[in-house]
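One structure is given below, encoded as structure tokens.
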Amino acid sequence: MLLADERRAVVDGGNAMVRAGLTTGTGGNLSRICRRHGLVAISPSGVDYAAVRPEDVALVDLDGLKVEGGYRPSSELGFHLGLYRRRPDVGAVVHTHSVYATTLACLGWELPAVHYLVGFAGRKVPVAPYATFGTDALAVNVAATMGADINAVLLANHGLVAVGADMRAALNTAEEIEFVARIYYQARCAGSPVILPDREMDVVIEKFKTYGKPRAEGDAQ
């Protein structure tokens, strides 16, 4: 079986996404790229995450041509491939229908820096314009909104897309943004949230570059 590790990452990531409450049923999708082989492992279309086996995960090339797998690739394959082409630093893409992020997306509200954890995505989380799911138009909108320094975007009236160097990073960003989306929605319901300035978010984003990584020799204690 080709790319067993990448396909296992998709299986494990899908189950983690459900456990974390980031989607329900067969909603959402996720993928992992192997740039050495130029292949993408992506969750199959319309299959319950608990039932997916590594061999079921679709393998496609960067033109979207299927190479291996028991099922059709996700209907959102287009924006996964678009992000991999646009962002060589991205190793995994996660698309969720998490409740609070999707609520903001349906309101057309971008997610500002109401909490410093928005720094997992950047200074803020913008909203990509609406287009029908699975269309080239949606793929174009996602790629155009996901800039070089942004790791998550809301999809208008749809959900959230998060990216990362690997599956763990992409899922972590999706979870943190869902948390911040909930805080922002609740804060707006109660009053007027105080938003952190860009200069503070620049400090936070710089600190996040070493977050969760081993301390290099010579670093301060």
Against the definition (under 15 Å from Y185 (Cα atoms) and out of contact with any His (no Cβ under 8 Å at 6 or more places or on another chain)), how does A148 come out, yes or no?
no
Regarding T135, is this residue within 20 Å of L59 (Cα to Cα) and more than 14 Å from the chain's Cα centre (by Cα)?
yes
Looking only at the range 147-177, which residues are of a type in the set (A, V, I, L, M, F, W, C) and at pLDDT below 95?
A148
In the range 64-86, the residues that are open to solvent by less than 40 Å² (accessible area, probe 1.4 Å), of a type outside the set (D, E) and at pLDDT 95 or above:
G64, P73, S74, L77, G78, F79, H80, L81, G82, L83, Y84
What residue, of D61, D12, is open to solvent by 20 Å² or more (accessible area, probe 1.4 Å) and over 20 Å from L160 (Cβ atoms)?
D61
Say whether the condition of being buried (at least 16 other Cβ atoms within 10 Å of the Cβ), touching a strand residue (DSSP E or B) at 6+ places or on another chain (Cβ under 7 Å) and on the phi < 0 side of the Ramachandran plot is met by at least one residue in the range 135-142.
yes
Taking the range 34-51 and the residues there that are surrounded by 13 or more Cβ atoms within 10 Å (Cβ to Cβ), farther than 24 Å from E178 by Cα and among the aliphatic types (A, V, I, L, M), the one that is farthest from the chain's Cα centre (by Cα) would be L39
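The values are calculated or read from the model by the stated rules, or taken from the named source; none is laboratory data. As the structure is a prediction and not an experimental result, all values here were calculated from the model. Reconstructed Cβ throughout: ideal geometry from the backbone, glycine too, with neighbour counts over all protein chains shown. Areas reflect the complete protein model, heavy atoms only, side chains present, ligands, DNA and RNA absent. Shrake-Rupley method; radii C 1.70, N 1.55, O 1.52, S 1.80 Å.
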